[in-house]
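Trainee: Provided herewith is a single structure, encoded as structure tokens, for subsequent inquiry.
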Amino acid sequence: MNLNKNIIIIFVLFLFACHSEVSRIDVAKNSNIAININCEKHRQIDFYIDCDIEYEQQPIMVMDFEFYKGQEQILKGGLDPLLASPKENEEKIQANGKTKWKFYGKLEGNFIPPADTIFTIKPTLIVNEQPGLKINKFELVLVR
């Protein structure tokens, strides 16, 4: 029985050791940021959102991405960051016409580098400004 517990503990440690945070960017405060990442061919990078917002009416948001190899744009796209799934530590409280929503969630998709080199990622958060919208935290987290 004790051997089974040790095996489970080692497996969990191995699982967490395989995923490491590469970068964390406050995309609500840094609208024109470029992240240079030294990538290994085919070593996947996942994207997460660490979100803490308050609103009266749910905002429309787009997390826009541009990927570059040197000066060449190799990929561009966007998605709704509020649809992140799965969401960890999610708290959504509605009271007095206001919603407070916190979560840490995985964005749809990933980036699989086609070569061993430095890639540049330019994330931009696009938000329709609404009365009562307060962004306490909105961080893009890159995990390898």
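Just so you know, all these numbers are worked out from the coordinates, no wet-lab data involved. No experiment lies behind these values; they were computed from the predicted model shown. Here Cβ is always computed from backbone atoms with ideal geometry, including for glycine, and neighbour counts include all displayed protein chains.
Trainee: Only residues that are among the aliphatic types (A, V, I, L, M), exposed (fewer than 11 other Cβ atoms within 10 Å of the Cβ) and within 20 Å of the chain's Cα centre (by Cα): list them for segment 84-105, please.
Mentor: none
Trainee: Give the residue, chosen from Ile49, Ile118, Ile53, Ile60, that is buried (at least 18 other Cβ atoms within 10 Å of the Cβ), in contact (Cβ under 8 Å) with a residue 24 or more places away in the chain and out of contact with any helix residue (DSSP H, G or I) (no Cβ under 7 Å at 6 or more places or on another chain).
Mentor: Unique residue meeting the criteria: Ile53.
Trainee: Restricting attention to segment 99-112, does a residue exist that is within 25 Å of Arg43 (Cβ to Cβ) and touching a His at 6+ places or on another chain (Cβ under 8 Å)?
Mentor: Looking through segment 99-112, at least one residue is within 25 Å of Arg43 (Cβ to Cβ) and touching a His at 6+ places or on another chain (Cβ under 8 Å).
Trainee: So is Glu108 surrounded by 11 or more Cβ atoms within 10 Å (Cβ to Cβ), free of Cβ contacts under 8 Å to residues at least 60 places away in the same chain, charged (D, E, K, R) and in a strand (DSSP E or B) or not?
Mentor: Judged against the criteria, Glu108 is a match.
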